[in-house]
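What follows is a structure written as structure tokens; I'll ask about it next.
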Amino acid sequence: MSDYPVVVRDLNKDDLIVVTGAGGFIGGSLVRYFHDLGYARIRAVDRKPLPEWYQRVPGVESLCMDLSEKENAIEAAKGAVEVYNLAADMGGMGFIERFRIECLRSILINTHMIEASYRAGAKRYFFSSSACAYNTDLQKTPDAIALKESDAYPAMAERGYGWEKLMSEMFCQEYHAERGFETHIARFHNIYGPNGTWYGGREKAPAAMCRKVIEAEDTGDHTIEIWGDGTQTRSFCYIEDCVHGIDMIMHCDKLIATPINLGSKELVSINELVSIVEDIAGIKLNRTYDPTAPKGVGGRNSDNTFIKSVLNWEPSTPLRDGMGKTYDWIKTQYADLKAGKRVVHD
Ligand code: NAD
């Protein structure tokens, strides 16, 4: 497991931290992280009704608001010392390729949140960007070159979702350049782990593979359908590494208005990912392939040279370890769903 460096923060325990997208996977985990560190004033905001939030942390102010509306963004940012914007309309490849308009419309959230945070006098603003902001021409083949931060330009981002991220990054950079507002930008590479979407259409490959293997075990139908030909490659970053990374990036003066990769460099093909889950479950399945299903770019990895040089750290939870925890969590969720209990979904 990763050893996490101590983070030095000029943040008082009663300074107000605002986390948007807090009903979702990463936002919910970040709220719990700051709460467990002893920060006493956290405002968690999400569009979803409260009962649908993946995590509800006791003692945290939890608000249901649509942050694509300017007035709501102003309300959400009021009194904030730090703002972490993790709200976006997003999902796995199945969602991103089909719902480009929804993805693009997330520009409204960042546009209003950054302005509201600036006007509220917040000290720092964090934006969750994505590896989908990178030039897709560099990601055609499975023998993925690791993407370094400068590879976003010349720009040819993922249509819809990736362009929105690139544009919102630019907002963050210009708010710093023109107005001196301290912004921080991380490009996440496929975050996975417990408390994320695992069924319903927005789930990503690691959760989808766990669910499919659990379904095969449960139903006795020992086949698994893989999107594409399974040779497409990715790296997957465990949620604990992600939330620690966000904290380190937000509190590093060398990383103001400077996009940085937050991802693992352990590259695997989707076929290898399936083998890992089979191994965890102790089962072997017959694989079928759907070449017409959304599969994204041919290959993508994170170049961690920059993060290592600035933070002397990089996400390093081994995929096998993180997937073990994710599988166990989804297995419990699956059993709960079967038993008619409320579970996390999209
Ligand atoms: P998620 O879907 O679990 O959480 C996003 C949350 O934002 C959801 O709960 C959703 O209800 C909320 N939201 C959407 N529109 C909103 C609105 N108008 N007002 C208020 N809330 C709204 O996704 P996640 O995986 O936790 O992702 C968090 C952030 O990280 C997003 O910006 C996403 O683009 C980025 N990101 C995630 C990954 C990943 O692998 N999970 C990779 C790259 C980037």
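The values are calculated or read from the model by the stated rules, or taken from the named source; none is laboratory data. Source: prediction; values computed, not measured. No Cβ is skipped: glycine too gets one built from the backbone with ideal geometry, and neighbour counts run over all protein chains shown. Only protein heavy atoms, including side chains, enter the accessible area calculation; ligands, DNA and RNA are left aside. Shrake-Rupley method; radii C 1.70, N 1.55, O 1.52, S 1.80 Å.
Would you confirm, using the coordinates I've provided, whether residue 57 is in contact with a strand residue (DSSP E or B) (Cβ under 8 Å, 6 or more places away or on another chain), within 12 Å of the ligand (Cβ to nearest atom) and touching a residue at least 12 places away in the same chain (Cβ under 8 Å)? Don't jump to the end; show me each part of the working.
Values: in contact with a strand residue (DSSP E or B) (Cβ under 8 Å, 6 or more places away or on another chain): yes; within 12 Å of the ligand (Cβ to nearest atom): no; touching a residue at least 12 places away in the same chain (Cβ under 8 Å): yes.
For residue 57, the condition - in contact with a strand residue (DSSP E or B) (Cβ under 8 Å, 6 or more places away or on another chain), within 12 Å of the ligand (Cβ to nearest atom) and touching a residue at least 12 places away in the same chain (Cβ under 8 Å) - is not met.
Condition first: under 17 Å from the mean Cα position of the chain (by Cα) and under 17 Å from residue 23 (Cβ atoms). Now tell me which residues in region 103-129 satisfy that. Give the steps one after another, and end with the answer.
Initial filter on region 103-129 (under 17 Å from the mean Cα position of the chain (by Cα)): 103-104, 106-107, 109-110, 125-129.
Result: 106, 109, 128.
Another question about this same structure. Kindly indicate whether residue 246 is in contact with a Cys (Cβ under 7 Å, 6 or more places away or on another chain), open to solvent by less than 10 Å² (accessible area, probe 1.4 Å), among the aliphatic types (A, V, I, L, M) and modelled with pLDDT of 95 or more.
Working: in contact with a Cys (Cβ under 7 Å, 6 or more places away or on another chain): no; open to solvent by less than 10 Å² (accessible area, probe 1.4 Å): yes; among the aliphatic types (A, V, I, L, M): yes; modelled with pLDDT of 95 or more: yes.
So residue 246 fails the test.
With the structure loaded, tell me whether residue 126 is of a type in the set (Phe, Trp, Tyr) and modelled with pLDDT of 95 or more or whether it fails that test. Outline the logic, then answer.
On the way: of a type in the set (Phe, Trp, Tyr): yes; modelled with pLDDT of 95 or more: yes.
Considered against the rule, which asks whether it is of a type in the set (Phe, Trp, Tyr) and modelled with pLDDT of 95 or more, residue 126 comes out as yes.
When you go through 215, 203 one by one, which is the residue that is within 16 Å of the ligand (Cβ to nearest atom), open to solvent by 10 Å² or more (accessible area, probe 1.4 Å) and not in a strand (DSSP E or B)? Reasoning before the result, please.
Numbers: 215 fails: within 16 Å of the ligand (Cβ to nearest atom).
Checking each option against the conditions leaves just 203.
Could you say whether any residue in region 319-341 is more than 16 Å from the ligand (Cβ to nearest atom), of a type in the set (Lys, Arg) and not in a helix (DSSP H, G or I)?
Taking every residue of region 319-341 in turn, at least one turns out to be more than 16 Å from the ligand (Cβ to nearest atom), of a type in the set (Lys, Arg) and not in a helix (DSSP H, G or I).
Follow-up question, since we're still on this one. Residues 316, 302, 309: which one is more than 16 Å from the ligand (Cβ to nearest atom) and in contact with a helix residue (DSSP H, G or I) (Cβ under 8 Å, 6 or more places away or on another chain)?
Values: 302 fails: more than 16 Å from the ligand (Cβ to nearest atom); 309 fails: in contact with a helix residue (DSSP H, G or I) (Cβ under 8 Å, 6 or more places away or on another chain).
Matching residue, one of 316, 302, 309: 316.
It is to be established whether one or more residues within region 187-198 are within 11 Å of the ligand (Cβ to nearest atom), in a loop (DSSP other than H, G, I, E, B) and basic (Lys, Arg).
No, every residue in region 187-198 fails to be within 11 Å of the ligand (Cβ to nearest atom), in a loop (DSSP other than H, G, I, E, B) and basic (Lys, Arg).
Take the residues in region 98-125 that are surrounded by fewer than 24 Cβ atoms within 10 Å (Cβ to Cβ) and among the aromatic types (Phe, Trp, Tyr), then tell me which one is farthest from residue 190 (Cα to Cα).
Per the criteria, the residue is 118.
Restrict the check to region 265-274 and report whether at least one residue is away from the ligand (no atom under 16 Å from the Cβ) and either at pLDDT below 95 or open to solvent by 20 Å² or more (accessible area, probe 1.4 Å) (or both). Spell out the reasoning first.
Initially, region 265-274 is screened for residues away from the ligand (no atom under 16 Å from the Cβ), giving 269, 271-272, 274.
Then keep just the ones that are either at pLDDT below 95 or open to solvent by 20 Å² or more (accessible area, probe 1.4 Å) (or both); that gives 271-272.
There is at least one residue in region 265-274 that is away from the ligand (no atom under 16 Å from the Cβ) and either at pLDDT below 95 or open to solvent by 20 Å² or more (accessible area, probe 1.4 Å) (or both).
Which one is most open to solvent (accessible area, probe 1.4 Å), of the residues in region 29-49 that are within 12 Å of the ligand (Cβ to nearest atom) and touching a strand residue (DSSP E or B) at 6+ places or on another chain (Cβ under 8 Å)?
Once the filter is applied, the top-ranked residue is 47.
Within region 41-50, track down each residue that is within 23 Å of residue 119 (Cα to Cα) and either in a loop (DSSP other than H, G, I, E, B) or in contact with a Pro (Cβ under 6 Å, 6 or more places away or on another chain) (or both). Don't jump to the end; show me each part of the working.
Pass one, region 41-50, residues within 23 Å of residue 119 (Cα to Cα): 41-47.
If the condition is that a residue be within 23 Å of residue 119 (Cα to Cα) and either in a loop (DSSP other than H, G, I, E, B) or in contact with a Pro (Cβ under 6 Å, 6 or more places away or on another chain) (or both), then 41, 47 are the ones that fit.
I need every pair where a residue in region 82-95 that is within 15 Å of residue 65 (Cα to Cα) has its Cβ under 7 Å from the Cβ of a residue that is outside any strand (DSSP E or B) and among the basic types (Lys, Arg), sequence separation at least 6 or different chains.
Here the result reads 89/105, each pair linking region 82-95 to a residue that is outside any strand (DSSP E or B) and among the basic types (Lys, Arg).
If you take just the helices (runs of 4 or more DSSP H) that sit entirely in region 51-114, which of them hold at least 1 residues that are within 30 Å of residue 232 (Cβ to Cβ) and modelled with pLDDT under 95?
Values: elements: 70-77, 93-98, 100-105.
Once the helices (runs of 4 or more DSSP H) in region 51-114 are filtered for at least 1 residues that are within 30 Å of residue 232 (Cβ to Cβ) and modelled with pLDDT under 95, what remains is 93-98.
To continue, here is another question. Filter the strands (runs of 3 or more DSSP E) completely within region 254-317 down to those with at least 2 residues that are more than 30 Å from residue 6 (Cβ to Cβ).
Numbers: elements: 260-262, 267-269, 286-290.
By residue number, 267-269, 286-290.
Kindly establish whether residue 160 is modelled with pLDDT under 95, open to solvent by less than 40 Å² (accessible area, probe 1.4 Å) and either within 13 Å of the ligand (Cβ to nearest atom) or within 26 Å of residue 28 (Cβ to Cβ) (or both). Quick ask: steps written out before the conclusion?
Details: modelled with pLDDT under 95: no; open to solvent by less than 40 Å² (accessible area, probe 1.4 Å): yes; either within 13 Å of the ligand (Cβ to nearest atom) or within 26 Å of residue 28 (Cβ to Cβ) (or both): yes.
When the stated conditions are applied, residue 160 does not pass them.
All but one of (1) over 15 Å from residue 19 (Cβ atoms); (2) in contact with a helix residue (DSSP H, G or I) (Cβ under 8 Å, 6 or more places away or on another chain); (3) within 9 Å of the ligand (Cβ to nearest atom); (4) not acidic (Asp, Glu) hold for residue 73; state the number of the condition that does not hold.
It fails just one condition, (1).
Another question about this same structure. Looking only at region 71-97, how many residues end up being touching a Ser or Thr at 6+ places or on another chain (Cβ under 9 Å) and either of a type in the set (Ser, Thr, Tyr) or open to solvent by 30 Å² or more (accessible area, probe 1.4 Å) (or both)?
Within region 71-97, residues that are touching a Ser or Thr at 6+ places or on another chain (Cβ under 9 Å) and either of a type in the set (Ser, Thr, Tyr) or open to solvent by 30 Å² or more (accessible area, probe 1.4 Å) (or both) number 3.
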